[in-house]
Each structure stands twice: as C-alpha cells, then as structure tokens.
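Below is one structure, written out as structure tokens; comments come after it.
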Amino acid sequence: MATTRTTRNRRLVSGVAASFGAVGAGSVASLIVAPVMFHHLGPALFGLWVAVTALTSVALFADLGMGNSLLTRLAAHRAAPSGVRDATGAVAAAYLTLAGTGAVLLAGVMTVGVAVPVGPLFGVTDARLGAQAATVLVVCFGAFAVNLPLSLITKIQLAMQDTARSAGWSAATAAWTVLVVGGAAAAGAGPLTLIACASTAAPVGNLANTVHYFTRVRPDLRPARWVLEPGAAGGLLRLSVRYFALSLLTSTAASIDGYLVARWLGPVAAAHYGVTVRMFILLNLVVTVVNTPLWPANADALARGDLPWVRRTTRRMCLLGAGLVGAAAAVLVAASEPLLAAWIRSPDFHGLPTGVVALLALWPALLAAVSPMFMVQNSVGLLRPQLAGWGAYLLLSLPAKALLVRDLGLAGVPLGSAAVFAVTVLPACAAGYRAVVARKPGHRRRTAGPAPGPAYAPAPTGPGQPARERTCS
C-alpha cells in the first residue's frame, strides 16, 4: 500500500507540473502564431478566421461528454483484474462513436459551405472575402471533425495516470504549430494555406500521439476488434449524456453574466465588466490544471480501497487550492487598476470599484475550494449532485442577481453569484463527496456494462438504480 501511495503521489505531482508546462507552451505558441497570421492574412480574413475558430470552440459540445465518460471508465478499470479486457471495449466504442459524429459534422459543414452563402453569416460584405469564407469554414470545421476522435488520446492518457506524457505531446504539438505556420509564412504560402496549416496542427499532433501510444507504450489498450459492442457503447453514452448536460450547465453559469450586465446596465458597463473578468480567467485555468490529475488518481485509490489517501489528499488540495488561488486573486485585486490600465491603454476604459473587483475574485477562490471534492465524485461516476447543484444555481441566481443589481448596481452580479453558489453548488458538492468517502472498501455499485466493474466503478444507469452517479467540474 505504501509503495502504491508513493507512486500515485509521484504521478500526481509530475502530472500537475507537466500540465503547467503544456499550458505555458500553448500560451507561448498562441502569442507567436497570432501576429504571424494577422500579418499574412490581413485584418479582414484574420477576423473571419477568428470568428470561425470561435464557433469550433462552441462545437466542442459535439463530443457529447464522451471523452469524460471514457476517462472515468478507464480510470476505474485500471485497477481491476479484468481492466484491460473491459477497457479495450470502451476504447473501441468511444472512437467509433466520435468517428461517426465527426463524419456527420463534416458532411453537414460541407453541405453548408456549398449550398449556403457563408459570408453573410459572419457579417462579410466584401465579395472576395465572402468567396473565401466557405473555404475557411470547411477547412476549420473539417480539421475539428477529424480531431474529434483523435483528441480521445489525451483522456486515455489521463485515465492511465500518464499525464506527463500527454502534456509532453501537447507541448510538442504547440511547437509543431509554430514551426508549420512559421515555415509556411516564410515560404510565401497563400492565406488559405496558412489557415489550413494552423487548423490541422492539432489533429496531426494527436494522430502521432495516438499511433505512438497504442503501438509503443500501451499496445494492450488497442482494441483487437473495432466493433461497436452495444453494452460498452450504451454505458458510455448514458454517462456521456450526463456529462454533456453538466457541461451545458457549467458553461452557461460561467458565461451568462456578461449578457446579464449588458441587459440590465447597458453595453458600456458590460464592456468594463467583461475586461475585468478576463483578468481572473487564468486563475480558473490554474484550478483546472491542478485538479484534473486528481480524477484518475482518486479512481485508482478508491478501486484499491485506499479511502484514507482520498480523504487526506482531498483535504490538502482544498486548502492548498483555496489558499494559493485566494492569495493570487488578492494580489490581482490590489494591482487591478494599474494592470488593466497597462493592458487596455484606452482613455475610454475605467476600472471597476475595488469592492466589485474583490467580489469577482471570489469565483476562482470558491472553485478552487470545491474542485478537489468534485474530482472524487468524477472518479466514481457520481454526477447527480453536480447536476442538481448547478441546475439550482442557474434557477436561483438569475432572480437573485436581478434583485441585487437593482439595489447595489454592478456589485450585485458577483455578489449574487457567490451567495447562490454557497447555498446550491457547495452543499451539493459536500453531499456527493460524503456519499463517496462513506462507502466501505469493496462496496460495488451496479454497473451498466456487460461485465461487473471494480469497487467504486463508474457506471450510472437509468431510472430505478441508486442515485450514485458521477460529478464533474
């Protein structure tokens, strides 16, 4: 047990460190590629490309939660005696499902590109740019559709607690993007070729990672038969639907405030609010990077009945995350005025009152405090508490913010968010966490697959089964 804990701790620490490195590499790549693309595409075509890639970000929902569903299944199977046998069926089902989804998406985009004038959809009035709009749409969404199944490799590596390897490939893909875009620009390639190079870098990197991992690192995970088994596919789909619903809830909760400010206080207030909120986005990314490796680590510990490790690690990560993110948020609040002035450099921009900025800083601190408990629930497929908590948050936060905005102005929006979070998401998170750690080692949940899963297996199913589903943050 001690050796297993040491190995788990080492993988957790190395995974967090490597993830930070991958995020840094991606950020540097973006800083290098963006000006190159702007210079060679020109403002109009660059703006069109940015608009289309923004739509592909929205289309991430086309994954339908399958990646997170596969992550949870594989993480639980990892410590089971029949883990590899069960894992290969889940891997095949996930790849085939997303390959079919990608094919449908690609066919739909190509149909739109041929049959619909794409330019007006993006506000393009220039005839020449309008003619290029369809090509940009098909190239960007085509690369996205191809990458849909290929991106599963990152979830597989995370489930296998191979986060450092995954982060290394992400950094390599970022470097490849810089090389291919920079090389094409230096060679005098046309603007559409540059867009193709930038769009296909991620699929190429994921393809190389996939081939290497399944042939050299974990050939035992490569399915012997690429057949869609109804049992494996059905279990993944039922779980992925819950992840999809949860993604909709959390993304709506995270993004709706800007619209509400514009609706209640006007677009000028929304502009100042939106700029200030962006200052804290990096802290939300830090919360994700630090806590995501806990997901498979918890699954491994729970499958082995090591509840003391789960409780101790969760407690430490909650305190550490809240402390670090809270301290960083406090620094940003104190330095917000000069930071924003140096960043925006516009006489039309004025910072928000310090009290409002401080309230905005509460959000990443709250997420940092509860995310480790959500990761425990993720590891066993317990989704119902989060769905209930975030659903109640959306239902109650809108009227609460409306009432507070009327009396307090802009401060009412973050104050309403924090107050409703405290009475909806926080209790749901605590209840779900207690439901997991209160189980006795060896307790088995009813599973949806053809073969019984390990202790704490992530297999929520339909009505009539215990309310033991997974949560995700």
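Cβ-Cβ distance below 9 Å, separation of 6 or more or different chains: which pairs start in the range 17-32 with a residue that is in the same structural domain as Ala172 (by TED's automatic domain parsing) and end on one that is among the charged types (D, E, K, R)?
That search, which allows pairs on different chains as well, returns Ala18/Arg165.
Please work out if Ala369 is in a helix (DSSP H, G or I) and loosely packed, with under 14 Cβ neighbours inside 10 Å.
No.
Which of the following residues is β-branched (Val, Ile, Thr) and more than 25 Å from Gly100 (Cα to Cα): Thr125, Thr135, Thr210?
Residue meeting the stated conditions: Thr125.
Based on what the data block shows, is Thr3 in a helix (DSSP H, G or I), in the same structural domain as Ala93 (by TED's automatic domain parsing), at pLDDT below 85 and over 22 Å from the mean Cα position of the chain (by Cα)?
Considered against the rule, which asks whether it is in a helix (DSSP H, G or I), in the same structural domain as Ala93 (by TED's automatic domain parsing), at pLDDT below 85 and over 22 Å from the mean Cα position of the chain (by Cα), Thr3 comes out as yes.
So is Val425 buried (at least 24 other Cβ atoms within 10 Å of the Cβ) and touching a Phe, Trp or Tyr at 6+ places or on another chain (Cβ under 8 Å) or not?
For Val425, the condition - buried (at least 24 other Cβ atoms within 10 Å of the Cβ) and touching a Phe, Trp or Tyr at 6+ places or on another chain (Cβ under 8 Å) - is met.
Select from the range 279-336 the residues that are β-branched (Val, Ile, Thr) and modelled with pLDDT under 90 and list them in ascending order.
Ile281, Val286, Val287, Thr288, Val289, Val290, Thr292
Are any of the residues in the range 167-179 without any contact (Cβ under 8 Å) to a residue 24 or more places away in the chain and over 23 Å from Leu12 (Cα atoms)?
yes
Report the residue count in the range 116-150 for those that are among the hydrophobic types (A, V, I, L, M, F, W, C), over 19 Å from Val50 (Cβ atoms) and at pLDDT 85 or above.
4
Check Ser199 against each of (1) farther than 27 Å from Leu96 by Cα; (2) within 24 Å of the chain's Cα centre (by Cα) and name the one condition it does not meet.
Condition not satisfied by Ser199: (1).
Sort through Ala175, Ala208, Ala171 and tell me the only one that's crowded, with 19+ Cβ neighbours inside 10 Å, assigned by TED's automatic domain parsing to the domain that holds Asn68 and either in contact with a strand residue (DSSP E or B) (Cβ under 7 Å, 6 or more places away or on another chain) or assigned to a helix (DSSP H, G or I) (or both).
Sole residue among the options that is crowded, with 19+ Cβ neighbours inside 10 Å, assigned by TED's automatic domain parsing to the domain that holds Asn68 and either in contact with a strand residue (DSSP E or B) (Cβ under 7 Å, 6 or more places away or on another chain) or assigned to a helix (DSSP H, G or I) (or both): Ala171.
Which numbered condition in (1) assigned to a helix (DSSP H, G or I); (2) out of contact with any Ser or Thr (no Cβ under 6 Å at 6 or more places or on another chain); (3) β-branched (Val, Ile, Thr) is the only one that Val139 fails?
Among (1) assigned to a helix (DSSP H, G or I); (2) out of contact with any Ser or Thr (no Cβ under 6 Å at 6 or more places or on another chain); (3) β-branched (Val, Ile, Thr), Val139 violates only (2).
Working carefully through the options Thr125, Thr193, find the one that is part of a helix (DSSP H, G or I) and hydroxyl-bearing (Ser, Thr, Tyr).
From the options Thr125, Thr193, the qualifying one is Thr193.
It is to be established whether one or more residues within the range 277-293 are crowded, with 17+ Cβ neighbours inside 10 Å, in contact (Cβ under 8 Å) with a residue 24 or more places away in the chain and farther than 26 Å from Pro385 by Cβ.
Within the range 277-293, one or more residues are crowded, with 17+ Cβ neighbours inside 10 Å, in contact (Cβ under 8 Å) with a residue 24 or more places away in the chain and farther than 26 Å from Pro385 by Cβ.
Any chance the range 81-89 includes a residue that's in contact with a Pro (Cβ under 6 Å, 6 or more places away or on another chain), at pLDDT 75 or above and within 21 Å of Glu229 (Cβ to Cβ)?
yes
Do we find that Ala402 is modelled with pLDDT under 90 and part of a helix (DSSP H, G or I) in this structure?
Spelling it out, Ala402 is indeed modelled with pLDDT under 90 and part of a helix (DSSP H, G or I).
From Ala270, Ala330, Ala301, Ala254, which residue is outside the structural domain of Leu158 (by TED's automatic domain parsing), surrounded by fewer than 17 Cβ atoms within 10 Å (Cβ to Cβ) and more than 22 Å from the chain's Cα centre (by Cα)?
Exactly one of Ala270, Ala330, Ala301, Ala254 is outside the structural domain of Leu158 (by TED's automatic domain parsing), surrounded by fewer than 17 Cβ atoms within 10 Å (Cβ to Cβ) and more than 22 Å from the chain's Cα centre (by Cα), namely Ala330.
The values are calculated or read from the model by the stated rules, or taken from the named source; none is laboratory data. Source: prediction; values computed, not measured. Here Cβ is always computed from backbone atoms with ideal geometry, including for glycine, and neighbour counts include all displayed protein chains.
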